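Worksheet: the structure to be examined is printed underneath.
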Amino acid sequence: MKDFLLYASVVILFLVCLLVVLIILMQRPSANAGMGSALGGGAAESVFGGESANVLSKLTTTLTVLLFLLSFGLYLGFVGRASKTTSALTPATTAATPAAPAKVDPAAKAPATAPASAPTPAAPSSLATPAAPVTPAAKSPVTPAAPAAPVPAK
C-alpha cells in the first residue's frame, strides 16, 4: 500500500510541475511582453477577470509551496523505503543472539577436566565465542573392557 501511495504522489508531483510551468508562462511582466501573449494574448484576463495578475501570483505561490512539500515528502518516503530493503552489495546485519544454555542430561558422562595443578588461561570476553549446544548421546550398552594381559617379564 505504501508503494502505491508513493507512486501516486509521484504522478501528482508531475501534474503540479506542469501546472506551475503553465501558470508561470501565462503571467506577463508588462502589457505586451511575456509568453502569456504568445499563449493567446489576454486568455488569463478573460478567464480570471481584470485582476488576473493577483490570481496568477497567488496560484503560483500556492503551487510552488505544494511542489516543494511533495518533493520533500517523496524524498523521505523513498529514503525510508530504501533503508528497509537490503541490497546484494551490502552485507545484511544480524543481531548476535546469545546461545541458550544447553540442558545437560544428568545421566550423561561429564567431560574429563584438566588437572587442578595446570591453570587454564581465561579468554578475553570480547573474543569469547558461544559454546555449541550439547546434545545428549543416545544411551548404548556399555561393555566392560577386557583386562589387560600382563606383560611377561624377561
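Read the figures in this text as sums done on the coordinates, not as results from a lab. All values derive from a computational prediction rather than experimental measurement.
Remark: segment 15-26, residue by residue, has Karplus-estimated 3J(HN,Hα) of 5, 5, 4, 4, 5, 4, 4, 5, 5, 5, 5, 6 Hz, where x stands for each Gly or Pro and the curve is 6.51 cos²θ - 1.76 cosθ + 1.60 at θ = phi - 60°.
Here the 3J(HN,Hα) profile of segment 60-76, calculated from phi with Karplus coefficients 6.51, -1.76 and 1.60 at θ = phi - 60°, is 5, 5, 5, 5, 5, 5, 4, 4, 5, 5, 5, 4, 5, x, 5, 4, 5 Hz, Gly and Pro shown as x.
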